[in-house]
């Protein structure tokens with residue numbers, strides 16, 4: 001519910017959604033868990049009712065210091081910006097069971113990848129990254145230096161919508177159609193000490209966060225299991241719902257129902273997995289495009305080219321050339 005409240009604050013001021021609906025949601029405790037599919041349905045409805053596709057960005061700007069609870073305070077009291085990011089990665093499940101944050105060193109850069117167990121609608125991806133503006137741009141102000149923010153969805157054509165991204169991430173280079181959702185930061189900046197560091201308080205807050213994390217139910221989602229299975233299936237051609245269901249010990253109908261309960265489907269997960277891998281292979285590997293098509297289970301290169309252009313707006317060869325020039 002901590003992630004729902006910013007939307008409620010925004011909608012009270014800017015929409016005609018009946019107050020009774022917003023009041024009903026606001027009555028829930030801040031630490032109560034909300035199913036991902038419910039949240040995404042509510043978000044889709046709010047975007048439709050307000051006719052505002054940038055709702056996720058605006059809601060993220062409603063967040064202020066302290067609203068993300070134990071995770072944020074533990075991150076803010078860390079010694080360095082890098083340690084703060086590691087804390088965010090470790091305790092993200094306190095806010096979202098379906099979101100895993102991976103943090104890795106790649107040369108002189110640190111890459112923060114936000115891996116969602118269910119497919120991110122645009123507004124949800126915008127909000128997830130926008131929510132990072134609190135720990136990144138405020139907690140670490142003057143420490144991190146310039147950084148990049150990466151969206152998997154295509155950037156909007158509307159200038160006013162693009163401006164909302166610039167307002168939300170004023171210090172960042174914004175990249176659309178990326179192979180991942182997340183951030184790229186300069187490693188040299190992250191070793192600097194945070195002005196808010198407090199070693200004693202940090203130990204206490206980490207201990208508290210560990211207890212909260214241990215108290216959460218440990219549930220492996222059908223979505224995460226299917227994603228892992230899809231990586232295996234793609235190597236053998238077009239993935240089969242029957243084979244995946246059998247490997248997971250359930251019927252195709254049960255698998256479809258479980259995924260629907262988590263706000264996704266096998267088709268959506270397959271498309272999302274293929275898209276992420278296609279962007280990554282095309283941008284960062286030396287594989288021939290025909291080999292990438294084969295690895296992703298496409299029957300022929302033409303089908304891969306059409307899918308890639310649907311995802312990014314450009315053919316894979318143009319995407320590769322553009323990124324090789326960067």
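In a Debye calculation with equal point scatterers on the alpha-carbon sites of the chain and no solvent, what is log10 I(q)/I(0) at q = 0.14 Å⁻¹? For the chain, the Cα-only Debye profile gives -1.26.
Extending 7 Å from the Cα toward the beta-carbon at both residue 214 and residue 247 defines two label points whose distance is 3.5 nm. Quick check of the Kirkwood formula: for region 53-215, what is the inverse mean of 1/r over all pairs of different Cα atoms, in Å? Across region 53-215, the inverse of the average 1/r is 16.0 Å.
Ranked by how many other Cβ atoms sit within 10 Å of their own Cβ, fewest first, the residues 309, 58 fall in the order 309, 58. Enter the angle in degrees (range 0 to 90, nearest 10) between the Cα long axis of helix 301-312 and the first principal axis of the Cα atoms of the chain, meaning the one along which they spread out most. Helix 301-312 and the main axis of the chain meet at about 20 degrees. What residue among 179, 48, 128 has the largest mean-square fluctuation in a Gaussian network model of the chain, using Cα springs under 10 Å? Largest GNM mean-square fluctuation: 48.
Relative to the dominant Cα principal axis of the chain, helix 81-91 is inclined by about 70°.
Projection of the Cα convex hull of region 222-324, averaged over all directions and equal to a quarter of that hull's surface, yields 6.4 nm².
Just to verify a number: FRET efficiency for residue 173 and residue 42, C-beta to C-beta distance, R0 = 30 Å, to 0.05? Provide the component values of the computation, followed by the final result.
Numbers: r = 31 Å, r/R0 = 1.05.
Once the sixth-power term is evaluated, E becomes 0.45.
Compared with the dominant principal axis of the Cα atoms in the chain, helix 5-14 is inclined by about 90°.
Springs join every pair of Cα atoms under 10 Å in this Gaussian network model of the chain, and among 34, 101, 184 the largest mean-square fluctuation is at 34.
From Cα pairs below 8 angstrom and at least 6 apart in sequence, can you work out the relative contact order of region 222-324, rounded to a whole percent?
Details: 92 pairs, mean separation 28.5, N = 103.
Computed over region 222-324, the figure is 28 percent.
The label point for residue 231 and the one for residue 288, both projected 7 Å from the Cα toward the Cβ, are 2.6 nm apart. Dividing the mean sequence gap of close Cα pairs (under 8 Å, 6+ apart) by how many residues the chain holds gives a relative contact order of 17 percent. Of all the options 25, 71, 43, the one that moves most in a Gaussian network model of the chain with Cα springs shorter than 10 angstrom is 25.
Each reported figure results from applying straightforward, stated rules to the coordinates on display, with no laboratory input. Just so it is clear, the model here is predicted, and its values are computed rather than measured. Ideal geometry is used to build each Cβ from the backbone, glycine not excepted, and the neighbour counts take in all protein chains shown.
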